[in-house]
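The numbers here are math on the coordinates, done by the rules we state, and not lab data. Note that this is a predicted model, so its numbers are computed, not measured. We place every Cβ from the backbone using ideal geometry, glycine too, and count neighbours over all the protein chains shown.
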Amino acid sequence: MKRLSAAGYFSFEDYEVYHLALDLSAMVYRLTADFPEVERFGLTNQLRRAANSIALNIAEGRGRGTDREFSRFLLISRGSLFEVVSGFHLAVKLEFLQEKEVSEVFQKAHILSGKITALINKLSALGARPSA
């Protein structure tokens, strides 16, 4: 996995879930680019913020220094991922996008959700139970 920072100083860059989250976020930006202008501060903004939150919370959680905190932030990331999925369901209902346009988002979201859950479970097995 390629680190984005030149010297590779940041441990969160070692996680596949982080890179998958960045890919999903870029996809959200592309898909929302043609949403109606009236949605610029509505659904467009909400989807982009939720998508960005996935990777940002993975990074912040790893930076907290404990597996317990990391696990808690992974739960937040997964919640943001679910928010993205829900937002795209709405975008289809509002006919901003067609189902075939969002199917790849849903596939990537499903994979990312599974990997985030697996990482949470791994951390929990190590004793890092987040207080939900």
Rounded to the nearest 10 degrees, what's the angle between the helix 16-32 long axis and the longest principal axis of the chain, both from Cα atoms, 0 to 90?
10
Just one of (i) 45, 35, 24; (ii) 39, 30, 24; (iii) 112, 24, 20 is Cα extents along the principal axes in Å as worked out from the coordinates here. Which one is it?
(i)
For labels at His110 and Phe82 in the simple 7 Å Cα→Cβ model, what's the distance in nm?
1.8
Added length on full extension, which subtracts the Cα-Cα distance from 0.36 nm per residue, Phe10 to Ser124
38.8 nm
Kindly express, to the nearest 10 degrees and within the range 0 to 90, the angle between helix 99-125's C-alpha long axis and the longest C-alpha principal axis of the chain.
20
Starting from the 7 Å offset along Cα-to-Cβ, what nm value, one decimal, do you get for the label separation of Glu99 and Leu75?
3.4
Lys pairs under 24 Å by Cα in the chain, provided they are eight or more residues apart or on distinct chains
7
Give me the angle, in degrees from 0 to 90, between the Cα long axis of helix 67-93 and the longest principal axis of the Cα atoms of the chain, rounded to the nearest 10.
10
